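**Student:** Below: one structure in structure tokens.
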Amino acid sequence: MPQTRQLAAIMFTDIVGYTGLMGRDEQKAFELLQKNRALQKPIIEKFNGRWIKELGDGVMASFNAVSDAVAAAIEIQEVCNRANDFQLRIGIHLGEVVFENDDVFGDGVNIASRIQAIANPGSIYISESIYKSISNKKDFQVKYVKEEKLKNVKEKVKIFQVISDGIIIAHPPKIDLKIKSKPKFLFIFGTLIALLIAGYFINRFYIARHDYKNSNRGRPESIGKSIAVLPFVNMSADSSQEYFSDGMTESIITDLAQVPGLLVIARNSVFQYKGQAVDPVEVGNQLNVHYILQGRVQHSGDILRITVQLIETGKGFNVWGNKFDSRLKNIFMIQDDISKNIIQALKIAIAKEDSIVKPPTQNLEAYDYYLRGYYYFRMKSGTEKNLVDSSIAMFEKAVSLDPDFALAYAALAKAYVYIFFAFNADPKWETKGYIALEKALSLDPGLADAYVAKGNLTWTLSNGFPHEKAINEFKHAIALNPNLAEAHEALAAVYFHIGLLDEALREFRIALTIDPASRFSRPRVARIHWYQQKYDSALIEFSAINQPEWGKEKALVQWYLGRTDEAFKTLDELATQKSNSSTQQADLAAANAVLLAGVGRKKEAEEQIQIAIQFGHGLSHFHHAEHLIASSYALMGNSKAAVEWLKKAAEHGFPCYPLFNKDPNLKNIRNDPAFISFMQQLKKQWESYKSSL
């Protein structure tokens, strides 16, 4: 998307005291974020504003009209102060900004954020440019506050505040210069200094994403120990060498991820910047990291040239950089040198005699095939044949050249499992996956990726859904590599399916810290809100997710909130999008059945149930549809069929006691003896899971 430069009113809001609350009560803090989003978003849209992004507990929005920005801020503060759940600071500035890729940059953004940081709780502070635009409008009352020197802004800025009913008005102390009482002057001066310092630190912390501290998991204590390795640029004349530069990037990410106390952003989130000219400071803010590593790779035959640069994202200065000209055989030594210099720059203590990089193979040809295989695997070719002919062929060639290449066996196992899930549920792929995994772990018991794959195989492909075994595999993977987002996501998924919703939410949030661009975690956080009966929060989350496959969940939330027409419209729109997935077709039909049963159209609901059963026959992921079918029968008053389908959902991997126990669509069968008995069984199982953690 090209850059566009224009004049815009930028509004920043921030929750007062959020950082302290996060340290005291993380769950309450997250609930506050949901309330804040639910409050602000519709008001911003009402006044023709553009919701840009959330920055921790802050919100950034832009408006084409200054009067719209101020009117929106007034209504937001009035509603917030009236609700009395929390307080906001709001700052607005009019300036020239740059719009690019759904984001906004420029001095105008910086000034608005600085004004917000010094605003009084419950008030609205504006710059002189905003004041001049509305000073002749009778709808707004404004009062001068002070002239302020803002951080990273050359000239002092005159600050005004908006006056309106329901908004807290700041009354700055009047300093009488005729009074020569030193103690009083010093007290006032000291108070002002304290406010400025507090404003500075609040501004520093509000842009950070939630800090998920967990010392047992090796989470970083602060964003200072965090890094994103951006995709290395392929400088080779041959574009087919792209796999090599990508492989270098992934190898360094993997190496750094093993360092205790260092947060390393996952490959998925950094590769969204591939091929883009980026500002390291902006990327650092977006990913909430203190350091960015950029690199260039030139590979020709046996000659290798690598240039790297470590950048501190606060001010954008270079911390360290180097150029390596070497032979290909020294590639692992170069990776080790890069990693050690990064660790030294970040002042993380490690054993000096240890190499960070442990060469995965001594056979460079095998390593080359491994990199090629991973490059093709990441592309996720569109058919089973393409995947077999590309990445699997490369991995198999790698292990044939080096039968002791554990990483290649682990990659091969992941590819086999992917084929099983995405294309062909032939048991041969399951068998191949197990064989490759066992080979990988026998060669290297410390491969975290292999334990994630083993956990997935254990949980989803085995009879009986042994949740405890899967949990142990994923926990083992996390112990080996706390920065492995896939492991946190997989563990969260198991917790979610057995009804340990708080535990699932915790793991999904850790995964989002490591991999902010994850397409897996974010919608599942929304789904947990739905299952916790936090429907307003769930609807906000689902509405913000640009993934069509989650439309049915959005429709169900709309239905729970009584917005039936909107729910049917959402499902109708989803039905127009063709899908080759039988699971998605089954879920869509089952969701339609719930809505039809809820409005009394029983015959049509039965027809949709039969369609869901037809698509779901033989599927290993039919349990969500089975739960929806049970809900449909409960709404139609058929308690016997409802309990039978709930039992099927539990048997097929979804024994979710908290959901079944609170599901409003099951209210008609709550007094049914069979339902009560079934709930008692699930409760015992759920309590057993909880006690085993």
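The values are calculated or read from the model by the stated rules, or taken from the named source; none is laboratory data. Values in this document were obtained by computation on a predicted structure and should not be read as measured data. Glycine gets a Cβ as well: all are built from the backbone with ideal geometry, and neighbour counts include every protein chain shown.
**Student:** Scan the range 585-623 residue by residue and report those that are more than 16 Å from Ala575 (Cβ to Cβ), at pLDDT below 90 and among the hydrophobic types (A, V, I, L, M, F, W, C).
**Tutor:** Leu619, Phe622
**Student:** I'm trying to understand the selection: among the residues of the range 635-653, which are buried (at least 19 other Cβ atoms within 10 Å of the Cβ) and out of contact with any Phe, Trp or Tyr (no Cβ under 9 Å at 6 or more places or on another chain)?
**Tutor:** Residues satisfying the conditions are Leu635, Met636, Asn638.
**Student:** Residue check: is Val109 hydrophobic (A, V, I, L, M, F, W, C) and in contact (Cβ under 8 Å) with a residue 60 or more places away in the chain?
**Tutor:** On the way: hydrophobic (A, V, I, L, M, F, W, C): yes; in contact (Cβ under 8 Å) with a residue 60 or more places away in the chain: yes.
So Val109 passes the test.
**Student:** Among the helices (runs of 4 or more DSSP H) lying completely within the range 559-639, list those that include at least 3 residues that are in contact with a Ser or Thr (Cβ under 6 Å, 6 or more places away or on another chain) and among the aliphatic types (A, V, I, L, M). Let's see the steps before the verdict.
**Tutor:** Working: elements: 564-575, 582-598, 602-616, 623-635.
Fully inside the range 559-639 and qualifying: 582-598.
**Student:** Could I ask something else about it? Go through Asp85, Asp103 for me and flag whichever is under 28 Å from Pro280 (Cβ atoms) and within 30 Å of the chain's Cα centre (by Cα).
**Tutor:** Numbers: Asp85 fails: under 28 Å from Pro280 (Cβ atoms).
Residue meeting the stated conditions: Asp103.
**Student:** Here are Tyr535, Tyr560: which of them is under 21 Å from Gly499 (Cβ atoms), in contact (Cβ under 8 Å) with a residue 60 or more places away in the chain and in the same structural domain as Gly499 (by TED's automatic domain parsing)? Give the steps one after another, and end with the answer.
**Tutor:** Working: Tyr535 fails: in contact (Cβ under 8 Å) with a residue 60 or more places away in the chain.
Result of the check over Tyr535, Tyr560: Tyr560.
**Student:** Scan the range 456-491 for residues that are of a type outside the set (S, T, N, Q) and modelled with pLDDT under 90 and jot them down. Working first, answer last.
**Tutor:** Here is the first cut: in the range 456-491, the ones of a type outside the set (S, T, N, Q) are 457, 459, 461, 464-471, 473-480, 482, 484-491.
Matches in the range 456-491: Leu457, Trp459, Leu461, Gly464, Phe465, Pro466, His467, Glu468, Lys469, Ala470.
**Student:** Here's a follow-up. What's the total number of residues in the range 269-318 that are within 16 Å of Leu346 (Cα to Cα) and among the hydrophobic types (A, V, I, L, M, F, W, C)? Steps first, please.
**Tutor:** Going residue by residue through the range 269-318, those that are within 16 Å of Leu346 (Cα to Cα) are 284, 288-294, 308-318.
Adding the requirement that they be among the hydrophobic types (A, V, I, L, M, F, W, C) leaves 289, 292-293, 308, 310-311, 317.
Total meeting the criteria: 7.
**Student:** Being of a type outside the set (Val, Ile, Thr) and surrounded by 15 or more Cβ atoms within 10 Å (Cβ to Cβ) is true for just one of Asp102, Asp14. Which residue is that? Please lay out each step first, then the result.
**Tutor:** Details: Asp102 fails: surrounded by 15 or more Cβ atoms within 10 Å (Cβ to Cβ).
From the options Asp102, Asp14, the qualifying one is Asp14.
**Student:** Here is a further query. In the range 37-64, which residue that is outside any strand (DSSP E or B) and within 18 Å of the chain's Cα centre (by Cα) is farthest from Phe86 (Cα to Cα)? I'd like the intermediate steps shown before the answer.
**Tutor:** Taking the range 37-64 as the starting set, the residues that turn out to be outside any strand (DSSP E or B) are 37-49, 56-57, 64.
Applying the additional criterion that residues be within 18 Å of the chain's Cα centre (by Cα) yields 37, 56-57.
Numbers: Arg37: 12, Gly56: 15, Asp57: 12 Å.
Filtering first and then ranking leaves Gly56.
**Student:** While we're looking at this one, here's another question. Would a scan of the range 295-308 turn up a residue that is farther than 17 Å from Ala228 by Cβ, among the polar types (S, T, N, Q) and modelled with pLDDT of 85 or more?
**Tutor:** In the first step, residues of the range 295-308 are kept if they are farther than 17 Å from Ala228 by Cβ; the result is 297-307.
The next check asks that each one be among the polar types (S, T, N, Q); those that pass are 298, 300, 307.
Next cut, modelled with pLDDT of 85 or more only: 298, 307.
Yes; the residues of the range 295-308 include at least one that is farther than 17 Å from Ala228 by Cβ, among the polar types (S, T, N, Q) and modelled with pLDDT of 85 or more.
**Student:** Taking the conditions exactly as written (of a type outside the set (Lys, Arg) and buried (at least 21 other Cβ atoms within 10 Å of the Cβ)), does Val278 satisfy them or not? Break it down into steps so the answer makes sense when it comes.
**Tutor:** Details: of a type outside the set (Lys, Arg): yes; buried (at least 21 other Cβ atoms within 10 Å of the Cβ): no.
Answer is no for this residue.
**Student:** How many residues, within the range 106-131, are under 26 Å from the mean Cα position of the chain (by Cα) and assigned to a loop (DSSP other than H, G, I, E, B)?
**Tutor:** The total comes to 1.
**Student:** Regarding the range 99-113, can at least one residue be identified that is in contact with a Leu (Cβ under 7 Å, 6 or more places away or on another chain) and assigned by TED's automatic domain parsing to the domain that holds Glu147? Give the steps one after another, and end with the answer.
**Tutor:** Residues of the range 99-113 that are in contact with a Leu (Cβ under 7 Å, 6 or more places away or on another chain), as a first pass: 111.
Narrowing further to those that are assigned by TED's automatic domain parsing to the domain that holds Glu147: 111.
Checking the range 99-113: at least one residue is in contact with a Leu (Cβ under 7 Å, 6 or more places away or on another chain) and assigned by TED's automatic domain parsing to the domain that holds Glu147.
**Student:** Which of the residues that make up the range 416-455 are touching a Gly at 6+ places or on another chain (Cβ under 8 Å) and modelled with pLDDT of 85 or more?
**Tutor:** Tyr416, Ala453
**Student:** Let me ask something additional. Note down all Cβ pairs under 8 Å where the first residue falls in the range 221-247 and is at pLDDT 85 or above, the second is basic (Lys, Arg) and crowded, with 21+ Cβ neighbours inside 10 Å, and they're at least six residues apart or on different chains.
**Tutor:** Final answer for the pair search is Tyr243/Arg372.
**Student:** Moving on. Evaluate the following for Val289: is it closer than 23 Å to Thr513 by Cβ and more than 25 Å from the chain's Cα centre (by Cα)?
**Tutor:** Details: closer than 23 Å to Thr513 by Cβ: yes; more than 25 Å from the chain's Cα centre (by Cα): no.
When the stated conditions are applied, Val289 does not pass them.
**Student:** Here's a follow-up. Among the numbered conditions (1) within 14 Å of Val229 (Cα to Cα); (2) assigned to a loop (DSSP other than H, G, I, E, B); (3) at pLDDT below 85, tell me where Ala351 comes up short.
**Tutor:** Tallying (1) within 14 Å of Val229 (Cα to Cα); (2) assigned to a loop (DSSP other than H, G, I, E, B); (3) at pLDDT below 85, Ala351 fails exactly one: (1).
**Student:** If we keep just the residues of the range 261-275 that are modelled with pLDDT under 90 and within 18 Å of Gln335 (Cα to Cα), which is surrounded by the most Cβ atoms within 10 Å (Cβ to Cβ)?
**Tutor:** Leu262
**Student:** Please state which of the following conditions Pro548 fails to meet, knowing it meets all the rest: (1) modelled with pLDDT under 90; (2) under 29 Å from Val452 (Cβ atoms); (3) surrounded by 19 or more Cβ atoms within 10 Å (Cβ to Cβ).
**Tutor:** Failed condition: (3).
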